1. Which of (1) assigned to a helix (DSSP H, G or I); (2) in contact with a strand residue (DSSP E or B) (Cβ under 9 Å, 6 or more places away or on another chain) is the odd one out, the single condition residue 86 does not satisfy?
2. Name the pairs: first residue in segment 121-147 and under 9 Å from residue 100 (Cβ atoms), second residue among the charged types (D, E, K, R) and surrounded by 18 or more Cβ atoms within 10 Å (Cβ to Cβ), Cβ to Cβ under 7 Å, at least 6 apart or on different chains?
3. Inside segment 2-54, can you point out the residues that are crowded, with 16+ Cβ neighbours inside 10 Å, part of a helix (DSSP H, G or I) and of a type in the set (A, V, I, L, M)?
4. Check whether at least one residue in segment 80-98 is within 15 Å of the chain's Cα centre (by Cα), among the basic types (Lys, Arg) and closer than 22 Å to residue 53 by Cβ, and report yes or no.
5. Restricting the search to segment 80-107, which residues are basic (Lys, Arg) and farther than 19 Å from residue 7 by Cα?
6. Taking segment 104-126 as the search range and keeping residues that are among the β-branched types (Val, Ile, Thr) and under 12 Å from residue 10 (Cα atoms), which one is surrounded by the fewest Cβ atoms within 10 Å (Cβ to Cβ)?
7. Tally time: how many residues in segment 127-147 are in a loop (DSSP other than H, G, I, E, B) and surrounded by 15 or more Cβ atoms within 10 Å (Cβ to Cβ)?
8. Inside segment 60-84, can you point out the residues that are of a type in the set (Ser, Thr, Tyr) and either surrounded by 11 or more Cβ atoms within 10 Å (Cβ to Cβ) or closer than 24 Å to residue 160 by Cβ (or both)?
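Each value in this text was obtained by applying a stated rule to the coordinates, not by laboratory testing. Values in this document were obtained by computation on a predicted structure and should not be read as measured data. All Cβ positions, glycine included, derive from the backbone under ideal geometry; neighbour counts span all protein chains shown.
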Amino acid sequence: MLIITGGMGTGKTSVLGEASDILTLHHISHAAIDVDALGLAYLPSAAGNDDVMYRNLRSVCNNYASVGVTRFMLARALENRAELDLCRSIASAAHSVVCRLTASIETMEQRVRMRESGVSQRAYVARVAELNMILDGARLEDFSLASENCSLTEVAHEMLVTAGWISNGRLPATKPTSLAVKRPRG
């Protein structure tokens, strides 16, 4: 299992989609799941969105597993070890890798402003720095990649190579840029 984590506006969903396209070009069976999308709802106060979201994730993973899918890519800003452990148990992952996407606060805020033009825009933009600090403290990633100043394809490709899902082959035509892979110090 490969989990793509990172703050709001780092490109988790976009990188998830591009990584899925790259795996498809390599004929690698997989499922790409935007976990947050599974909990997009307003529920009665007695029900928790995260609880329902993770129950939905279990159903989706079971459905994919029933047709032979064994590789799962998840996009989710994991704020604590309990969430990571829950994702691992839901996907029945014997091996998992966590990639954290990073970008400057300014870039993340700009991306969120562009993406979220509705009534909750201010709240989402305000959450950018707060969530980034939470993720800094959690340190759940096995490696991190900067998601700015390079193409989406380059980020997704480097993530898949670093995670060990594909070999370091040739990329589709993109502008040349070097990516810095950072591994947390322990």
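1. Here residue 86 clears every test but (2).
2. 135/100; 141/100; 144/100; 145/158
3. Those that are crowded, with 16+ Cβ neighbours inside 10 Å, part of a helix (DSSP H, G or I) and of a type in the set (A, V, I, L, M): 15, 16, 19, 22, 23, 35, 38, 53.
4. yes
5. First pass over segment 80-107, keeping only residues basic (Lys, Arg): 81, 88, 100.
Once the filter is applied, which keeps residues that are basic (Lys, Arg) and farther than 19 Å from residue 7 by Cα, segment 80-107 yields only 88.
6. 105
7. Of the residues in segment 127-147, the ones in a loop (DSSP other than H, G, I, E, B) are 139-142, 147.
From what is left, the residues that are surrounded by 15 or more Cβ atoms within 10 Å (Cβ to Cβ) are 140-142, 147.
Total meeting the criteria: 4.
8. 64, 70
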